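The values are calculated or read from the model by the stated rules, or taken from the named source; none is laboratory data. Quantities reported herein were computed from a predicted structural model and do not represent experimental measurements. Reconstructed Cβ throughout: ideal geometry from the backbone, glycine too, with neighbour counts over all protein chains shown. Surface areas here come from the heavy atoms of the whole protein model, side chains and all, with no ligands, DNA or RNA. Shrake-Rupley method; radii C 1.70, N 1.55, O 1.52, S 1.80 Å.
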Amino acid sequence: MLAAPPAADLALPVEPAEAVESVTLAGWLSDGVGLDGFWALAVAAAVHAFVLLNLFGVLPAVFIWVERKWSARLQDRLGPTRVGGRFGWLQALADGLKLIQKEDLVPDAADGLLFRASLYVPAISVLMAFTLLPFNDRWVAVASDCGLFLILAVLSLEVVGVVLGGYTSGSKWSLLGGMREAAQMVSYEIPLALTALVPVIAAGSLSLREIGVFQAGWMFPNWLVFANPFCAAAFLCYFTVAIAECKRAPFDLAEAESELVAGYFTEYASFRWSMFMLAEYASMFVVSLIATLLFLGGWWTGIAPLDAALTGLNDWRPDVGVEGFGVGGYLANVLFAGVVCLKASLLVTVQVWVRWSLPRLRIDQVMATCLKYLTPIACVLLLGATLWPLGLLATLGRPTVFGSTFSASPSPLGGAIVEQDSALPNGDGEAGEALR
Amino acid sequence: MTGYLIVSAVLLTCGVVCMASKRNAVGVLMGVELVLNAASVNFVAAAEFGPPAVPVQVATADAIGVGLDGQIAALFVIVLAAAEAAVALAIVLAFFNQHGTADVDAASELRG
Amino acid sequence: MTGADALFGVFAALACGGALGVAAFRSVARMAFSLVVCLSAVAGLFFLLNAPMVGATQLIVYVGGTVVLLIFGVMLTDAGVGRRMKIGLLETISMTFIAIGLAAALGWTAVGLGRAIPGAPVLDEEGVEIVAATPDTLRPIGLKFLGLGGESGVGFLLPFEIISVHLLVVLIGAAYLARAKRRVDATPETPPEATRETASDGLGEQA
Amino acid sequence: MARDWQGVLPDLALSLPAFAPELIVCATIVALLLTRLFGMARWLPAGSVAFGGSALATALACLQWGGAFESPSDGWAGLVRNDALTVYVRVLCLLGWNLTVTLTLLTGVPRPSIDPADDDGPDFHVPLAAVALGSVLMGQANHLLMLFLAVEMASVPAYVLVGFRKGSREAGEAALKYLVFGAGAAGVMMYGASLLAGVTGTLSLPALGERLALIPLEGLEWNEPGVGGAAIAGVVFILCGLAFKLSLVPFHFWTPDAFQGALAEVSGFLSVAPKIGAFALLVRFGLSLHGPFGETGDALLTGLGLACAAGAAVSMTFGNLAAFAQKDLGRLLAYSTVAQSGTMLLGVAACFLGVGRGDGDLAVAGLAGTLLYLTAYLFLNLGAFAAVAIFRNRTLRTDVASLAGLGSKMPWVAGAFAVSLVGLVGLPPTAGFVGKLAVFAAALSDRVGSPLLFAAALIAAANTVASLFYYFRPIRSLYLDAAPEGTSGAPIGPPVTGSERAYLVLLAVPVLLILPLLGRLGALCDAIAEAVL
C-alpha cells in the first residue's frame, strides 16, 4: 500500500444522521445496575462469552444436520428422518448425547496429559476467531485494526493441537495423520493469507469491520468480489484454500478413513472426539464468514434500498424502559447478523456439496496443488490487484471501473493520488450518497 | 512495567536452564525460543511504557523512548527466530540421520 | 484491580508456567506443549501492551510456524512419545541453584528498572477499552518498514530488505540440509530409513 | 502520506550508492538462484557467478575508498554508519569472500554434478555470500537491531556451511554444536539489547552513548537495583554474543568442532570474514558507550577495556595450550584462531582503555594495531586453510601426520603452508610479525600504566614463544618426517596445478612483502583509527 486514508477520514456511508449513543452491556451494568466497574466488565464479558460459546456449539450441530441431509440428497438417500420429526431436526443433538455417554478412552501408549490437553487447542483457536468476527457494523467482540491478520493468526494455532494430538496418541495412524495435517495446514496458510490480502488491497484496510462497511450499496459492483477481476479470481482461490484449511474433502488426506482410519484423531473417543468435530465445523463457518466479509458484501444484503431501510431501523427507538436502549438498532443488528450468517451458511453448504462430489486427492497432489499452483496463482493475483487501480488510473483516470459514485474511498491508491492531483475527476465528495 | 520485566526475566532464566540442561537438541532449541521471547517482551514493554529509565534532558521527540521501534524489533526477533529454527531443524535432522539420535551428548566424536 | 491487571495476571502466570514447564518437563512432547502455552500467553501480553501486530505475528509465525516446525523435529527424532530424558541428580541440583541465582539477579534488575521507568502503563479506567480499543499501530509500523526516516522517524527499509535476503538464504540452506541425498555416488554412512527420507523430503518442499 | 515518500527519495539517493557493494552481494545471491531456475547452470556454473559477483563487489568496495574518509555519514536513516572503518572492513571481508570463492573453484568444492539441475553449487555459494554480507553489515551496524541482524546473517548461513557435507558424521556433529552455541549466544545477545533499549529508550548506538552518560556514576553499582545494573547486564549480554562470534575463550567451544567438521575452505572463510566484521562491531559498540559528556560511559568503557585485556590473556593462553595436543589440522588451526583472536583483542582493549581514559594516542595505536593485524591475518589464515584444502584433495586426510614427507612432493604448497604458519607465529619478516608488533606496541604504550593491560601484553609475548612449538609441528612433519611405510607418501590426487600454485603465491606475497608496504599500510590504519575515534 502506498498510502492509505487515515482511519478517521474514512467516511462511513452508513453513519446515521445523528450519532446514536449505543449502550454497551458493561455500561448498562455499571450505570443502570450499579455494579463495580471491574465486575460489570467481568459480567459483560461472561455474557458475551456465553453467547459466542453457544454460537460455537449450536452452529456445528446445524451444519452436521445440513451435511447429513444434503449428502443424502446427493446420493439419492433420505438421511436422518426420525429424531425430531420428519426431517430429523434433532439428529445432531442425538449424536451428541450418544457421544457423551460413550466410554472415555485414553490409550496406554499415549501421553495422557497431552492427549487430554491438545484437543482443546483447535476448539480454543476457532472460538477465539469467533471473537474477532464482526457480525455487523457494531457487533464485534474485539475490533482490531489488524482484525484479518489476527484471525488468520488465531486460526493458525489449530494445527498445533492437531499435530500434538496426533503425535501423543501413540498410534501410527494418528502420527501419520498428524504429520500430513501439519504439512498441509502450514502450507495452505500461505495462499490463504495471500488471497485474503487481495480484497484488503481493494478496500485499504485490514480491519474486517471497515472492509464490511466499505462494501455497502448495490451488490454489483460494490461487493469486493466484483471490484476487479483479480478479486473474483481470488475469491475462488480463497475458497479452495479454505476448504483445505478446514481439512475437508477433497483435501482431507489427514483423516482419510480408507487409509488412516481417522487420521490424527483415530484414538480419540466420546466427547473428546466430538471436540475435534465441533472445531472442524466451526472453522468451516469461520472461513466462510471471512469469505463473506471479504468478498461477498459482509452483512449487506446487496440491495441498496433494503440496506438503507435496515440501517434506518437504527432511528426507531420506542421507549422500553431502559434509558438509551434503541430497540430499532438492536433489531437492525440482529437482521444484519442474520444476513451475514445466512451467506456464510450458504458457503458452508457449498463446502458440503464439494465434499460429497469430488474424489479425494493424494497427499502429494494436495501439496503440489498448494505449492505449485495455488501459491503462485495467489502471488500473481496479489500483484495484479495492486497494479489494477494504477492501470485504471492511467487509462480511465479513476481507480475503479464503475468507480467514483459508489464507494467512500475508492481505493487507498486512488485516494492518495487523487489527493495529490486535484485535476483528476474526484467523485469522493458524494461519498455514500447512494445510501442516504 | 515491572511485571513485564519480571515475566521476561523468568522466561530468560527458564530458557537458559533449558539450553544448559536438556540433552535433546530440539529441547535446547526450545530454550533458545524462550530466551528470544524474553527479549521480545522487553522490547514491546519498552515500546509501550515510553520514557526511558535514564532521565533524558532533551525534551524533544527523544524523550518518548523506543516507541514503535521496540515493536518492530520484536517483529524482527520473531522472524529471525523462525529462520533460525528452520535451519536448526534441518541440522538436527541431518544429525539424526547420521547418528540415529538427537541427543546433544552424543555429539562427542570430535575431540582432540 | 482493573481488567487489564487481571488479564496481565492470567497471561503472566500462563507465560511463566509454560516457561517453567519447558524447563522442567523431561518429555520433549510435553515441553513442546508448554512452549505453545508460553508463547501464546506472551502473545496475549503483547495484545495487552497495545501491540496487536506483534501479537498476531507471534501467533502466526511463532506458534503456528516455528513451534510446529519444532514439533516436527520432535516427531522425526524422538524414539517414543513418553520417552523421558534422563538427567542426573547432581545436574538437577546444580541447575536449580543456577536458575535461582540467575532469576534472583535478573528479577532484582527488573524490579529496579521497572521502578526507574517513569511511564505508567496506559490503562483505561473504564476497562471496556482495554481489549477492544487498540490504537492504530498498523499503519505507522507499515510506514516505518517502507520509510527511510523523514517525518516518520527512523525507517526500517534496510533491515526489512536484509531480512528478506536472510530468509531466502536460510530457506535454501535448510532445504539443502533437509533434502534427501539424490546423488548416486555419495552414500551416507547410515542410510536413512525410507520413512524418514520422505518426511524430510516433504519438509524440504515445504520450506 | 505522500510527504513521507518525498522525504524518502533523497535519503535513498544518499544511502544507495554507498551501499552498492552490498547490493551486488544480494544480486549475486539472486543470480545464483536464477541460474538454476532457468537451467543456465550448464553453461554458467554457480562458482563462476559467485566469482563474478564477489570480484565486482570487491572492486566497488575499493572504489569507495576516498569518500568515506572525507565525509563519514549515516546511511539508511542512521541504521548504518558509513566511515573509514566501514570501507576498510568491507574491502577486507569482500576480498576474503573473493579469495575463498577462487579457492573453491580451484579445489572443486562443491563437487560439480553431472546433472546441472542437481548441482550443489548454488546451495554452497548462496550461504557463503550471505556470510560475507553479514560480515560486511557487522562492520557498519550503527543500531542494535542492525547489530543483531548482521550477527544472525553471518551466523545462520554459517551453520549450513559447516554442515555442508551431508553424508558426513563429522559435519553433522560440527553443525549441531555450532548451531546450539550460536543460537544461545544470539538469544542472550538480543536480551542484552532489549535491556539496553529499556534503560536508554533508544536502539541507535550513538544515542545509546549519550543516554548512558546520563546515568549517574554511582548508579553503576552492581548491588544497586535498577538502571545501572540493567545497563551493565545489557552490555555484558551483548558482549557474550560478540565474544561467541570472535570465539573468545569462555565462548569458544564451537570453534574446534566446527572447523574440524567443516570443509577447509569454509573454515578458512569463517575464521576470517565474520571475525573481521565482529571486531569492527565490537569496536563500534564499545565506542558507542563513550558519550560526548558524562563519565559513566567512560567508566563502562574502561571496565570493558580491562575485561577485554583479561579475555585476551585467557584466550591466548588457552588457545595455545589446547593447540599443543591437536592432531587434526583443522582443529589445530581452530585453536590457533582462538589464540589469534585473543591477540587482536589486546589491541581493542588498548583502544577502549585509551578512549575511556581520554588517552587518544593509546586508542589510535590500539585500533590501528588491530586493523593491521586483521589485514595480515586475512592472508595468513586463508593461506593456511587453502594449503590444508589442497593437501586434503591429495591425501584425503586432514591430520598432521598425513603431511609427512610432502615437503618434497608438493614443494609449492608445503612452502606456502610453512610461510603461513610462520606468519601466524609472528616471526619476521612476515605480516604476522608486523601485526603482532603493532598490537604489542600499542598495549605497552599505555602511559597511565594499567597493570592488567601490561600483564596481558607480557602474556601475549610469552604465548608467541609457546605457539612456536605447535605451529612448527606441521612444518616438521612436512620436511623432516619420512613418509609412512606402505603408502610411499605418494599423493593420491592429481598433481598440483599451476593455478593452485599461483593462488598460493598470491596469498603468500602480501605476507612476505609487507615490510616495504608497511609505511603506507600503517599510515592507512592510523588514519582509519583517527577517523573513527
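Say we look at the range A:265-284 and pick out the residues that are out of contact with any Ser or Thr (no Cβ under 9 Å at 6 or more places or on another chain) and small (Gly, Ala, Ser); which of these is farthest from residue A:159 (Cα to Cα)?
Keep residues of the range A:265-284 that are out of contact with any Ser or Thr (no Cβ under 9 Å at 6 or more places or on another chain), which gives A:269-278, A:280-282, A:284.
Subsequent filtering for residues that are small (Gly, Ala, Ser) retains A:269-270, A:274, A:282.
Numbers: A:269: 20, A:270: 21, A:274: 17, A:282: 15 Å.
Among those residues, the one meeting the criterion is A:270.
Could you look through the range A:387-401, keep only residues that are assigned to a helix (DSSP H, G or I) and open to solvent by less than 50 Å² (accessible area, probe 1.4 Å), and pick out the one that is farthest from residue A:196 (Cα to Cα)?
Just the residues of the range A:387-401 that are assigned to a helix (DSSP H, G or I), to begin with: A:387-395.
Among the residues that remain, those that are also open to solvent by less than 50 Å² (accessible area, probe 1.4 Å) are: A:389, A:391-393.
Values: A:389: 18, A:391: 22, A:392: 22, A:393: 24 Å.
Per the stated criteria, the residue is A:393.
Scan the range A:153-189 for residues that are surrounded by fewer than 24 Cβ atoms within 10 Å (Cβ to Cβ) and either of a type in the set (S, T, N, Q) or under 17 Å from the mean Cα position of the chain (by Cα) (or both) and jot them down.
Across the range A:153-189, the qualifying residues are A:171, A:187, A:189.
Which members of the range A:308-321 meet the condition of being open to solvent by 50 Å² or more (accessible area, probe 1.4 Å) and at pLDDT below 75? Even if it seems obvious, please write down each step before you answer.
To start, the set of residues in the range A:308-321 that are open to solvent by 50 Å² or more (accessible area, probe 1.4 Å) comprises A:309, A:315-317, A:319-321.
Listed by number, the residues that qualify are A:317, A:319, A:320, A:321.
Of all residues in the range B:100-112, which are open to solvent by 30 Å² or more (accessible area, probe 1.4 Å) and without any contact (Cβ under 8 Å) to a residue 60 or more places away in the chain?
Answer for the range B:100-112, where residues must be open to solvent by 30 Å² or more (accessible area, probe 1.4 Å) and without any contact (Cβ under 8 Å) to a residue 60 or more places away in the chain: B:100, B:101, B:106, B:108, B:109, B:111, B:112.
In contact with a helix residue (DSSP H, G or I) (Cβ under 9 Å, 6 or more places away or on another chain), assigned to a helix (DSSP H, G or I), open to solvent by less than 10 Å² (accessible area, probe 1.4 Å) and more than 20 Å from residue D:473 (Cβ to Cβ) - does that describe any residue in the range D:402-419?
The answer is no, given that none of the residues of the range D:402-419 is in contact with a helix residue (DSSP H, G or I) (Cβ under 9 Å, 6 or more places away or on another chain), assigned to a helix (DSSP H, G or I), open to solvent by less than 10 Å² (accessible area, probe 1.4 Å) and more than 20 Å from residue D:473 (Cβ to Cβ).
If you take the residues in the range D:175-185 that are at the interface with chain B (Cβ under 7 Å from one of its Cβ atoms) and within 19 Å of the chain's Cα centre (by Cα), which one is surrounded by the most Cβ atoms within 10 Å (Cβ to Cβ)?
D:175
With the structure loaded, tell me whether residue A:301 is within 17 Å of residue A:195 (Cβ to Cβ) and surrounded by fewer than 22 Cβ atoms within 10 Å (Cβ to Cβ) or whether it fails that test.
Criteria not met by residue A:301.
Return the pairs, sorted by first residue and then second, in which the second residue is modelled with pLDDT under 85 and assigned to a helix (DSSP H, G or I), the first residue lies in the range D:107-131 and is more than 22 Å from residue D:382 (Cα to Cα) and of a type in the set (Gly, Ala, Ser), the beta carbons are less than 9 Å apart, and the residues are 6+ apart or on different chains.
D:113/D:121; D:117/D:36
In the range D:187-270, which helices (runs of 4 or more DSSP H) lie fully inside it and hold 3 or more residues that are open to solvent by 20 Å² or more (accessible area, probe 1.4 Å) and at pLDDT 85 or above?
Because the criterion is at least 3 residues that are open to solvent by 20 Å² or more (accessible area, probe 1.4 Å) and at pLDDT 85 or above, the helices (runs of 4 or more DSSP H) in the range D:187-270 that meet it are D:227-246.
Check whether at least one residue in the range B:15-22 is open to solvent by 10 Å² or more (accessible area, probe 1.4 Å) and under 14 Å from residue C:103 (Cα atoms), and report yes or no.
So far as the range B:15-22 goes, yes, one or more of its residues are open to solvent by 10 Å² or more (accessible area, probe 1.4 Å) and under 14 Å from residue C:103 (Cα atoms).
Please go through the range B:48-84 and give me each residue that is at pLDDT 60 or above and more than 7 Å from every other protein chain (Cβ to nearest Cβ), ordered by number.
B:67
Given (1) within 23 Å of residue A:151 (Cβ to Cβ); (2) assigned to a helix (DSSP H, G or I); (3) more than 10 Å from chain A (Cβ to nearest Cβ); (4) open to solvent by 10 Å² or more (accessible area, probe 1.4 Å), where does residue C:20 come up short, assuming only one miss?
Here residue C:20 meets the rest and fails (1).
Being of a type in the set (D, E, K, R), touching a residue at least 40 places away in the same chain (Cβ under 8 Å) and out of contact with any strand residue (DSSP E or B) (no Cβ under 7 Å at 6 or more places or on another chain) is true for just one of A:98, A:102. Which residue is that? So that I can check it myself, show each step before the final result.
Numbers: A:98 fails: touching a residue at least 40 places away in the same chain (Cβ under 8 Å).
Result: A:102 is the single residue among A:98, A:102 that is of a type in the set (D, E, K, R), touching a residue at least 40 places away in the same chain (Cβ under 8 Å) and out of contact with any strand residue (DSSP E or B) (no Cβ under 7 Å at 6 or more places or on another chain).
With the condition kept exactly as written, say whether any residue in the range D:103-124 is away from chain C (no Cβ under 14 Å), open to solvent by 10 Å² or more (accessible area, probe 1.4 Å) and under 18 Å from residue D:26 (Cβ atoms).
Within the range D:103-124, none of the residues are away from chain C (no Cβ under 14 Å), open to solvent by 10 Å² or more (accessible area, probe 1.4 Å) and under 18 Å from residue D:26 (Cβ atoms).
Would you point out which residue out of A:125, A:71 is within 11 Å of chain C (Cβ to nearest Cβ), under 24 Å from residue A:188 (Cβ atoms) and open to solvent by less than 30 Å² (accessible area, probe 1.4 Å)?
Result of the check over A:125, A:71: A:125.
Any idea which of D:53, D:39 is modelled with pLDDT of 90 or more, more than 10 Å from chain C (Cβ to nearest Cβ) and either surrounded by fewer than 18 Cβ atoms within 10 Å (Cβ to Cβ) or within 22 Å of residue D:109 (Cβ to Cβ) (or both)?
Only one candidate passes the filter, namely D:53.
Being assigned to a helix (DSSP H, G or I), at the interface with chain B (Cβ under 9 Å from one of its Cβ atoms) and touching a residue at least 24 places away in the same chain (Cβ under 8 Å) is true for just one of C:35, C:14. Which residue is that? Even if it seems obvious, please write down each step before you answer.
On the way: C:14 fails: at the interface with chain B (Cβ under 9 Å from one of its Cβ atoms).
Only one candidate qualifies: C:35.
Give the residue, chosen from A:113, A:97, A:150, A:93, that is surrounded by 24 or more Cβ atoms within 10 Å (Cβ to Cβ) and at negative phi.
Exactly one of A:113, A:97, A:150, A:93 is surrounded by 24 or more Cβ atoms within 10 Å (Cβ to Cβ) and at negative phi, namely A:150.
Applying the selection to the range D:134-161, what residues are among the β-branched types (Val, Ile, Thr) and within 10 Å of chain C (Cβ to nearest Cβ)?
D:156, D:160
Please identify the pairs in which a residue from the range A:153-167 that is within 7 Å of chain C (Cβ to nearest Cβ) has its Cβ atom under 7 Å from the Cβ atom of a residue that is among the aromatic types (Phe, Trp, Tyr), counting only partners at least 6 apart or on another chain.
Filtered contacts from the range A:153-167: A:164/C:33.
For the range C:41-60, does any single residue satisfy the condition of being over 14 Å from residue A:167 (Cβ atoms), modelled with pLDDT of 85 or more, surrounded by fewer than 21 Cβ atoms within 10 Å (Cβ to Cβ) and at the interface with chain A (Cβ under 10 Å from one of its Cβ atoms)?
no
Of everything in the range A:249-263, what is surrounded by fewer than 22 Cβ atoms within 10 Å (Cβ to Cβ) and at pLDDT 75 or above? Give them in sequence order.
Listed by number, the list holds a single entry, A:250.
Got at least one residue in the range A:139-146 being at pLDDT 85 or above and not in a helix (DSSP H, G or I)?
no
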